[in-house]
């Protein structure tokens with residue numbers, strides 16, 4: 001990517017020399033200054049509840065990995081997360097918030113509070129994962145990909161168009177069978193009384209039924225009385241861990257039994273951990289979860 005920029009600058013330099021606008025040394029100095037601007041350390045703008053933080057990209061990644069992935073995971077999984085998170089923030093033009101809507105970011109104080117005596121050890125592990133992938137990003141047809149990730153799946157990831165709007169060539173359903181056993185909380189239950197559901201959906205539920213599933217086994221449509229909801233709408237309205245669920249009715253109410261945690265699109269973090277434990281490297285992990293992408297350096 002940077003090679004292309006540098007080539008364009010050399011072309012401009014040639015034109016300048018041809019038309020005689022600058023002496024050679026002046027033109028070379030100008031070229032170097034432009035090249036340095038391109039290499040200037042990128043800063044991420046983070047919108048928090050009460051302020052906007054501006055943090056160098058590679059430093060920002062420390063707080064993101066600390067917030068998004070268990071530091072106990074294998075380093076190759078952390079490295080996969082580093083490349084995914086770097087790509088994600090660049091695809092958003094370096095402007096994000098610090099929630100799950102973008103990427104969870106922990107401040108230095110929050111990391112110290114979470115880790116206690118393990119702070120130095122944990123920070124060093126994350127710094128190494130970032131350093132060993134410095135400047136690496138994922139692209140598809142020359143553009144940064146939308147490097148979505150989530151905690152764990154039902155055994156398969158989700159096609160982008162089955163959860164979000166629109167098909168994305170590199171965000172296709174792939175096998176992630178490890179998730180159902182490696183994630184200790186892969187299956188969860190959440191029960192709602194009829195009154196609670198009536199309050200949420202503004203109608204007393206007389207009949208709730210899953211009417212269709214996606215090809216990867218997530219809920220596509222649910223019928224409540226005569227109204228249809230998508231699996232995503234159900235997940236968001238009920239704050240379910242996943243849109244892969246079954247519904248059981250009992251005297252206690254309606255119990256939603258979910259598999260997986262997150263939207264299911266892109267890289268499974270628990271799947272990345274499982275692959276790392278099988279001696280797969282971070283590039284193997286990324287190429288598995290993001291189809292037909294390129295891994296390249298923004299510094300080359």
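Here residue 67 meets each of (1) within 13 Å of the chain's Cα centre (by Cα); (2) crowded, with 19+ Cβ neighbours inside 10 Å; (3) closer than 22 Å to residue 171 by Cβ with one exception, condition (3).
Residues in region 238-277 that are within 22 Å of the chain's Cα centre (by Cα) and farther than 17 Å from residue 148 by Cβ: 239, 240, 258, 259, 273, 274, 275, 276, 277.
Per-residue answers, yes or no, for (1) farther than 23 Å from residue 82 by Cα; (2) touching a helix residue (DSSP H, G or I) at 6+ places or on another chain (Cβ under 9 Å); (3) loosely packed, with under 13 Cβ neighbours inside 10 Å; (4) assigned by TED's automatic domain parsing to the domain that holds residue 286:
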position	(1), (2), (3), (4)
151	no, yes, no, yes
182	no, yes, no, no
197	yes, yes, no, no
207	yes, no, yes, no
226	yes, no, yes, no
237	yes, yes, yes, no
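Residue 273 meets each of the listed conditions (1) touching a helix residue (DSSP H, G or I) at 6+ places or on another chain (Cβ under 6 Å); (2) in a helix (DSSP H, G or I); (3) exposed (fewer than 15 other Cβ atoms within 10 Å of the Cβ) apart from (3). The single condition among (1) surrounded by fewer than 16 Cβ atoms within 10 Å (Cβ to Cβ); (2) modelled with pLDDT of 95 or more; (3) closer than 27 Å to residue 265 by Cβ that residue 118 does not meet is (3). Does region 155-163 contain at least one residue that is buried (at least 17 other Cβ atoms within 10 Å of the Cβ), at positive phi and either in the same structural domain as residue 94 (by TED's automatic domain parsing) or touching a helix residue (DSSP H, G or I) at 6+ places or on another chain (Cβ under 8 Å) (or both)? Scanning region 155-163 turns up at least one residue that is buried (at least 17 other Cβ atoms within 10 Å of the Cβ), at positive phi and either in the same structural domain as residue 94 (by TED's automatic domain parsing) or touching a helix residue (DSSP H, G or I) at 6+ places or on another chain (Cβ under 8 Å) (or both).
If you check residue 182 against the conditions, is it under 22 Å from residue 286 (Cβ atoms) and modelled with pLDDT of 95 or more? So that I can check it myself, show each step before the final result.
Numbers: under 22 Å from residue 286 (Cβ atoms): yes; modelled with pLDDT of 95 or more: yes.
Yes.
List the pairs whose first member sits in region 105-122 and is under 21 Å from residue 46 (Cα atoms), whose second member is exposed (fewer than 14 other Cβ atoms within 10 Å of the Cβ), and whose Cβ atoms are under 7 Å apart, counting only residues at least 6 apart or on separate chains? Within 7 Å, no pair qualifies.
Is there a residue in region 284-291 that is in a loop (DSSP other than H, G, I, E, B), surrounded by fewer than 20 Cβ atoms within 10 Å (Cβ to Cβ) and at negative phi? Yes, region 284-291 contains at least one residue that is in a loop (DSSP other than H, G, I, E, B), surrounded by fewer than 20 Cβ atoms within 10 Å (Cβ to Cβ) and at negative phi.
When you check residue 97 against the structure, is it out of contact with any strand residue (DSSP E or B) (no Cβ under 6 Å at 6 or more places or on another chain) and surrounded by fewer than 21 Cβ atoms within 10 Å (Cβ to Cβ), yes or no?
On the way: out of contact with any strand residue (DSSP E or B) (no Cβ under 6 Å at 6 or more places or on another chain): no; surrounded by fewer than 21 Cβ atoms within 10 Å (Cβ to Cβ): yes.
No: the conditions fail for residue 97.
The values are calculated or read from the model by the stated rules, or taken from the named source; none is laboratory data. Because the structure is a prediction, the values reported are computed rather than measured. With ideal geometry, Cβ positions are generated from the backbone for all residues, glycine too; neighbour counts draw on all protein chains shown.
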